[in-house]
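The values are calculated or read from the model by the stated rules, or taken from the named source; none is laboratory data. Quick caveat, the model's predicted, so the values are computed rather than measured. Neighbour counts are summed over all protein chains in view; Cβ atoms, including those assigned to glycine, are modelled from backbone coordinates with ideal geometry.
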Amino acid sequence: MTIAIVGGGRSGAAIARAVQARGAEPRLLSRSTGFDVLHDDAVAALVGSDAVIEATGLFTLNTRKALRFYAGSTTAVGTAAARLGLRHVLLSIVGCDRSDLQGYGIFAAKAEQERVARRISADTVIVRSTQWFEFAQQNAERFRAGPLVLVPAMRIQPIALDAVAAVLADAALGRRTERDIQITGPDRTTLLAMSRALLRSGNGHPVPVPLPGRYGSGFRTGRLLPDPSAEVHGPDFRTWLHARA
Ligand SMILES: NC(=O)c1ccc[n+]([C@@H]2O[C@H](COP(=O)([O-])OP(=O)(O)OC[C@H]3O[C@@H](n4cnc5c(N)ncnc54)[C@H](OP(=O)(O)O)[C@@H]3O)[C@@H](O)[C@H]2O)c1
């Protein structure tokens, strides 16, 4: 089987490994492989694949830009998948539809992306994950000011990206048949604590930054935490960090 993965990046590589580990062939589609999801023909790009995992990403603080990107990505991928009769698996974020967090543009856009996916097909599999262990690294790359790394204050229950990738690959291969899947890691922590542990080797000094408004308060007070019904997937952060070293 061939599984298309739209969106390269950190998650794309992990998903490709998980697909390969299950004996299927990954096909990475993003601008660096010649496919722009907002402008190119998604039907032509997906012909020959058996399923598609959508993991495109754009980091922006501009809500309109985020909405255009995420809704546009899923309009293209979802419509093409429906036309070709492919299973469509969408990677999303736990809590992105919570009303008090909509002031954060990426969450408003991810919630709209989910609605677009559902409007196109009731069968789309939406996998919502909490923040990844790798998110601390992504944040350190995005918000560095000299030796300082600015770390948004947030309580989270993070998960290893490889665990997320395994669930996405299983869903794409039809080994999971639910339409809504919510996954998280085993332990609660803060992005600051994770950043401190990750950057211990002198790779930057993490400084906590409270984000403004209702969503900032929500991030600090646990509104990013999963529902009690979320599936818990290991490893825990300490084990992951140790294996990484
Ligand atoms: N980070 C987390 O903790 C977390 C948690 C839960 C869910 N998520 C979600 O997971 C998804 C993927 O996140 P990520 O961190 O892997 O993102 P990422 O590292 O920023 O990668 C996203 C990829 O999307 C591709 N892309 C961007 N614009 C594109 C376009 N116009 N056409 C085709 N491809 C395009 C880029 O590859 P090219 O440059 O090659 O185009 C980029 O590498 C996002 O939707 C995010 O919201 C993230």
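Residue count for the stretch 138-169 satisfying the condition of being crowded, with 19+ Cβ neighbours inside 10 Å and either more than 28 Å from Tyr104 (Cα to Cα) or small (Gly, Ala, Ser) (or both): 5. Of all residues in the stretch 83-93, one or more are within 10 Å of the ligand (Cβ to nearest atom), over 19 Å from Ala4 (Cα atoms) and modelled with pLDDT of 95 or more.
Yes or no, residue by residue, for (1) part of a helix (DSSP H, G or I); (2) over 25 Å from Ala24 (Cα atoms):
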{"residue": "Ala140", "(1), (2)": "yes, yes"}
{"residue": "Asp162", "(1), (2)": "yes, no"}
{"residue": "Gly174", "(1), (2)": "no, no"}
{"residue": "Pro206", "(1), (2)": "no, yes"}
{"residue": "Leu224", "(1), (2)": "no, yes"}
{"residue": "Pro235", "(1), (2)": "no, no"}
{"residue": "Trp240", "(1), (2)": "yes, yes"}
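Of all residues in the stretch 1-48, those being near the ligand (Cβ under 8 Å from one of its atoms) and among the basic types (Lys, Arg) number 2. Taking the stretch 115-170 as the range and being under 26 Å from Arg68 (Cβ atoms) and β-branched (Val, Ile, Thr) as the test, the residues that pass are Val116, Ile120, Thr124, Val125, Ile126, Val127, Thr130, Val164. Restricting the stretch 88-111 to residues that are surrounded by fewer than 20 Cβ atoms within 10 Å (Cβ to Cβ) and charged (D, E, K, R), the residue that is nearest to Val47 (Cα to Cα) is Asp97. If you check Arg10, Arg64 for being charged (D, E, K, R), closer than 24 Å to Ala109 by Cβ and at pLDDT below 95, only one passes: Arg10. Please verify whether the stretch 51-61 includes one or more residues that are buried (at least 23 other Cβ atoms within 10 Å of the Cβ), charged (D, E, K, R) and closer than 19 Å to Gly12 by Cα. Yes. Residues in the stretch 178-206 that are hydrophobic (A, V, I, L, M, F, W, C) and at pLDDT 95 or above: Ile181, Ile183, Leu191, Leu192, Ala193, Met194.
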